[in-house]
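The block underneath contains the structure these notes are about, expressed in structure tokens.
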Amino acid sequence: MRTPIVAGNWKMNNTAAEARRLTYELLTDLQAVQGVERVLCPPFTCLQAVSELLHDTGIGLGAQNLHWEPKGAYTGEVAAAMVAEFCQYVIIGHSERRAYFGETDETVNKKVHAALNAGLTPIICVGETLEENQAGQTAEVVSRQVNAALHGLEAGAVSRLIIAYEPVWAIGTGLAATPEIANQVIADHVRGPIAAAFGDQAAQAVRVQYGGSVKPANARAFFSQPDIDGGLIGGASLKAADFIAIVRAATG
Ligand code: 13P
């Protein structure tokens, strides 16, 4: 039985002061939810402030990116050990980073290794674009991204990962995938390649989230699918009442 995990990806929203306010609004209700791993992923500049509020609450903290080199002349970048000072999780390979900031399958893989070496749990994002979806390439794209992200890992490390299947056309559009189709993509093209490369045990242990226009109204339909273990939530994670409702929907 996999514990569901619901993470809020705040993207580039909230100053530290705003982040403190939102975290404060979320705290009591999020803490009260049992049986769901809960994670907030604010911008880098909010990590310290939010980590202070989350101390001893059982709610995890994640960054939205990292760099794979341990230190050095990489202006503007943040290393895994720096993230690990505050966080337990890190989002890697989000489609916005792939689309706007030159993230590739190869850099995703380097970041996954760096995160695991620093003791962080990576939340690895995969998903096809609208064009790829319409061209019937979902299977090929998603399985390629999964295989590339996990290249060179041990089976034991794979079972500790989180993967988020986020069809790019569903992100921020209000146009969610159907729960049944998302479940099928995850079973066949996320767990499938993992089973082939690392064995059935790893494929069944790895937790796979759905992301893309998850709202209080549709969350339960996604989270009740057998291969979906929670969600990666964008827009709705910025509204306390919505995020709390979505986390509660993962309790089954
Ligand atoms: P939305 O929930 O706003 O569609 O964003 C999903 C996402 O990109 C989470 O990483």
Checklist entry - Which members of the range 53-82 meet the condition of being loosely packed, with under 14 Cβ neighbours inside 10 Å and farther than 20 Å from ASN117 by Cα? => result HIS55, ASP56, GLY58, ALA73, THR75, GLY76
Checklist entry - From the residues in the range 226-247 that are within 18 Å of GLU128 (Cα to Cα) and within 9 Å of the ligand (Cβ to nearest atom), which one is surrounded by the most Cβ atoms within 10 Å (Cβ to Cβ)? => result GLY231
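What are the residues in the range 113-136 that are open to solvent by less than 50 Å² (accessible area, probe 1.4 Å), farther than 18 Å from ALA196 by Cβ and not polar (S, T, N, Q), if any?
The answer is ALA114, ALA115, LEU116, ALA118, LEU120, PRO122, ILE123, CYS125, GLY127, GLU128, GLU132.
If I ask for residues that are more than 10 Å from the ligand (Cβ to nearest atom) and within 12 Å of PRO4 (Cβ to Cβ), which ones from the range 210-225 would you list?
Result: ALA219, ARG220, PHE222, PHE223, SER224, GLN225.
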Checklist entry - How many residues does the range 137-170 contain that are open to solvent by less than 30 Å² (accessible area, probe 1.4 Å) and either within 16 Å of the ligand (Cβ to nearest atom) or under 17 Å from THR121 (Cβ atoms) (or both)? => result 16
Checklist entry - Residues in the range 190-204: is at least one in a loop (DSSP other than H, G, I, E, B), within 26 Å of LEU40 (Cβ to Cβ) and within 16 Å of the ligand (Cβ to nearest atom)? => result no
Item to check | Residue ID - nearest to the ligand (Cβ to nearest atom), chosen from residues in the range 1-51 that are open to solvent by 60 Å² or more (accessible area, probe 1.4 Å) and among the basic types (Lys, Arg) | outcome: ARG21
Next on the checklist: Filter the range 180-203 down to the residues that are touching a residue at least 24 places away in the same chain (Cβ under 8 Å) and exposed (fewer than 15 other Cβ atoms within 10 Å of the Cβ) and list them by number.
Outcome noted: GLU180, GLY199, GLN201
Item to check | Within the range 207-218, tally of residues that are in contact (Cβ under 8 Å) with a residue 24 or more places away in the chain and surrounded by fewer than 24 Cβ atoms within 10 Å (Cβ to Cβ) | outcome: 5
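The values are calculated or read from the model by the stated rules, or taken from the named source; none is laboratory data. All values derive from a computational prediction rather than experimental measurement. All Cβ positions, even for glycine, are placed from backbone atoms using ideal geometry, and neighbour counts span all protein chains on display. What goes into the accessible areas is simple: the full protein's heavy atoms, side chains included, and nothing from ligands, DNA or RNA. Shrake-Rupley method; radii C 1.70, N 1.55, O 1.52, S 1.80 Å.
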